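The values are calculated or read from the model by the stated rules, or taken from the named source; none is laboratory data. These figures come from a predicted structure and were not determined experimentally. Heads up, the Cβs are rebuilt from the backbone with ideal geometry, glycines too, and the neighbour counts pull from every protein chain shown.
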């Protein structure tokens, strides 16, 4: 069991929050109600980006419908294996899942690492609400969730042992602030050939994904693993749900989308880059 240690800070004044009944309070009188589903909204107006409010309820449903088919379960297991290796000497690690989405990865990480305490954050209220549904349905007890920005993490300094970021924006400064000295960062992103066959359907000249450049000058990169495996999508619903999860959904012509809607079976390469970093001294 974990000791009751309050890790959240007030997003307004940065003082530590303490929980009383169903409300988080700080010493300056700011308060944040715990939602009926059990999460807390710590996203301030300053932290909101009008151009990126996160996934809406429809997008969360599409993601959930696809992820619950377990096409990406091998990735979740491999990432958890990497995390476990990094934390093998930590008795009860604290882990932040930054940009946790609707909770598929967080829940699978929590199952694989039952001695860890997970804090999942995402800017989408709909996604975080679904995270709570997941942990209640699967009786997961080592996770908490909050609506918050990866660039304004609502946590005290130097408390986390590891941050995992799976297909989400990466924050150099705030990650370094909340990680302990020598803390670890795991970043999961598409590899060059990820979903290449989908792009062959959509585009006349399909292209490989470019490597991500994160500008993490407060971290040293330790290792990159390319993890690839084949899958076969056997229904138009699965194919289109996957499509809505990708950036291609927002930049593909209507003509190409109609072409994709006629595809009922698709053999795909799932390819991922799993990169590990260590926080530098002095930050």
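Residues in the range 135-158 that are closer than 28 Å to residue 74 by Cβ and either out of contact with any strand residue (DSSP E or B) (no Cβ under 7 Å at 6 or more places or on another chain) or part of a helix (DSSP H, G or I) (or both): 135, 136, 137, 138, 139, 140, 141.
When the range 63-81 is filtered for residues that are part of a helix (DSSP H, G or I) and surrounded by fewer than 18 Cβ atoms within 10 Å (Cβ to Cβ), the ones remaining, listed by number, are 65, 73, 74, 77, 78, 81. Here the condition is being farther than 25 Å from residue 55 by Cβ, touching a strand residue (DSSP E or B) at 6+ places or on another chain (Cβ under 9 Å) and surrounded by 14 or more Cβ atoms within 10 Å (Cβ to Cβ); of 269, 276, it holds for 276 alone.
So which of 99, 120, 38 ends up being touching a helix residue (DSSP H, G or I) at 6+ places or on another chain (Cβ under 6 Å) and touching a residue at least 40 places away in the same chain (Cβ under 8 Å)?
Criteria check complete, one pass: 38.
Matching residues to (1) buried (at least 18 other Cβ atoms within 10 Å of the Cβ); (2) in a helix (DSSP H, G or I); (3) on the phi > 0 side of the Ramachandran plot; (4) at pLDDT 95 or above:
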site	(1), (2), (3), (4)
96	yes, no, no, yes
105	yes, yes, no, yes
108	yes, yes, no, yes
118	yes, no, no, yes
121	yes, no, no, yes
133	no, yes, no, yes
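How do the helices (runs of 4 or more DSSP H) wholly within the range 159-252 filter down when requiring 2 or more residues that are within 15 Å of residue 66 (Cβ to Cβ) and modelled with pLDDT of 95 or more: which remain? Spell out how you get there, then give the answer.
Details: elements: 172-178, 196-202, 236-245.
Counting at least 2 such residues, we get 236-245.
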